[in-house]
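Inspection log for the structure reproduced underneath, given as structure tokens.
The values are calculated or read from the model by the stated rules, or taken from the named source; none is laboratory data. The shown structure was predicted, so the numbers you read here are calculated from the model rather than taken from an experiment. Positions of Cβ are generated from backbone atoms using ideal geometry, with glycine treated the same way; all protein chains shown enter the neighbour counts. We work out accessible area using only protein heavy atoms, side chains counted, and drop any ligands, DNA or RNA first. Shrake-Rupley method; radii C 1.70, N 1.55, O 1.52, S 1.80 Å.
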Amino acid sequence: MLLKAHEESLEEHVCSQLRVSHLASDDRKLAIYLAGNLDEKGYLSISLEEACTNLGASRELAESAPAALQATEPTGVGTRDMRECLLLQIRKDPSACVGAYACVTEHLALLAQGKFKEIGNRLKLPEQQTVQIIAYIKTLNPWPGQAYPCFHHHPYVIPDAYIHKDELGFTIHMNTKYMPRISMNSEYTRFVKERQEEASFYLKDKFKSAG
């Protein structure tokens, strides 16, 4: 019986980046704890005050640890809601469309309602620029965590090698049966394909939870 290949969860993906970051020990501990409290969308499901209380961490860490979490990939994880998620992606994008940040900050509800002309009027922008801003916002990912399987349990660890002792000493045997193979995460592949089909419906379907 073949075992299903282990798919990396969002928590595992984020924590692997935090463990090799240049964070102080206490900062890393809190950031990893926060990574364990991301929901399926990639949003933070626990308040910073609660996290610090649970770990007995100082309030100063509540400033640095979230920033470290939000510096990981996929961009947008560790935010509290859709608005924060989109704004973080815009801030980190050097080629972000001018006006997109103000549009998401001030008019997310209008985006959800598809009132693009009103947005342009409020931002005092020509129609062509408003169209470009809307098109750019459609390319952002409001739920960065959904490309990863949603689980937080710790599965049985399959060893990379076995050590056997015999009369001559010890012998190491590599476990080649379950050696990792490089491949595209199936959920991510599906997500990317669906994005092409969903792009035209993004503002009406993806902003419903805004507000």
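The table below gives the values:
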quantity: Total lysine pairs under 30 Å (Cα atoms) in segment 1-120, excluding pairs fewer than 8 apart on one chain; calculated: 8
quantity: Theoretical gain in end-to-end length, LYS115 to GLN17 [0.36 nm per residue, Cα-Cα removed]; calculated: 31.3 nm
quantity: Gain upon complete extension [THR139, ALA67; 0.36 nm per residue less C-alpha separation]; calculated: 23.6 nm
quantity: Neighbour cut-off at most 15 other Cβ (10 Å), DSSP loop, GluC sites (Glu not before Pro), segment 57-94; calculated: GLU60
quantity: Neighbour-limited loop hits for trypsin sites (Lys or Arg not before Pro), segment 17-89 (at most 12 other Cβ within 10 Å; DSSP other than H, G, I, E, B); calculated: ARG59
quantity: Potential extension, THR171-GLU50 segment - 0.36 nm per residue separation minus Cα distance; calculated: 38.7 nm
quantity: Candidate residues TYR101, TYR148: accessible-area rank, largest first, probe 1.4 Å; calculated: TYR101, TYR148
